[in-house]
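*Asks:* My questions will all concern the structure given below.
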Amino acid sequence: MASAPAAAKPAPIGPIAGYFTQVFAVADAEVRKLRHDPSELLTRALQPAIWLLLFGQVMAQVRGLGPANGRYLDFLAPGILAQSVLFAAIFYGIAAIWERDLGVLHRYMVSPAPRTALVLGKAISSGVRGLSQGTIVYFLAIAMDIDISLAPADILGAAAMIVLGSALFSTFSLIIACIVKTRDRFMGIGQVLTMPIFFASNAIYPIALMPPWLRAISSANPLTYEVDALRALMLKQSTSAYGLGADFAILAAFTAVFTLVAARMYPRLTT
């Protein structure tokens, strides 16, 4: 009597597929926190609404502040979106300090997942939060009759830039958390960094209005390139000053460097 054929064994997961599975597992765990506290999205909606409804309406009356052609609110909306993503991502590192205090970080450290997978997973989850901010700003912009492009390609490009920008500043935030190691110091440094990064960019005024020394700082500021890309993708009558390819390449390069640095420093947070 012929023996029954042996059940086929599942194909082993390749190293690349296994790596991205670990990245997804970390990202999924972080996104679940957002699902359990959806009220966070509502509170984060207040900041861009205040900037667009109050600051934008007032500053639109200042001559020469906006672009040569078009409304200032149109010019401002992509900058406020980038600002919302920055403010949410730059404080992402405080969650890592909380995880250390609760003992969660030690479980991550003893797992076989590479440190870069842990950092990338957190960066991707930060990108999901950034997309929620982007959705809010898009709805606000439509309600305020801002000249928003709803072409699918433009929306997908803006979403990609939001995820990339959020990943960049969240990994930068993890580096800060690894250096300061305490919540109080992190909050102080985070507040000190956000405003210079924001105001030394093209988010709320054109670079042409800046003095030469500030233009030089702005050219080294990754937020400048994020805003430039978002402005080209979000607005119908706007183009990128640096080129969309350059904007994406510069942010990707910053993100890659910050990811490697954060992965190398991440274990130090536990000591």
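*Asks:* Kindly identify the range 193-271 as rounded, prolate or oblate by the Cα gyration tensor criterion: order the square roots of the eigenvalues as a ≥ b ≥ c, call it rounded if a/c is under 1.5, otherwise compare a/b with b/c, prolate if a/b is larger, else oblate.
*Replies:* Verdict is prolate for the range 193-271.
*Asks:* Which peptide among 160-167, 250-257, 174-181 comes first, and what is the full order, when sorted by highest mean count of other Cβ atoms within 10 Å?
*Replies:* 160-167, 174-181, 250-257
*Asks:* What residues have an amide H closer than 5 Å to that of LEU235, excluding those fewer than 5 places away on the same chain, when H is modeled at 1.01 Å from N in the peptide plane?
*Replies:* It is SER149, by chain and number.
Only the coordinates and a few stated rules stand behind these numbers; no lab work does. What you are looking at is a predicted structure, and each value in this text was computed from that prediction instead of being measured. Note: ideal-geometry Cβ built from the backbone for every residue, glycine included; neighbour counts use all protein chains shown.
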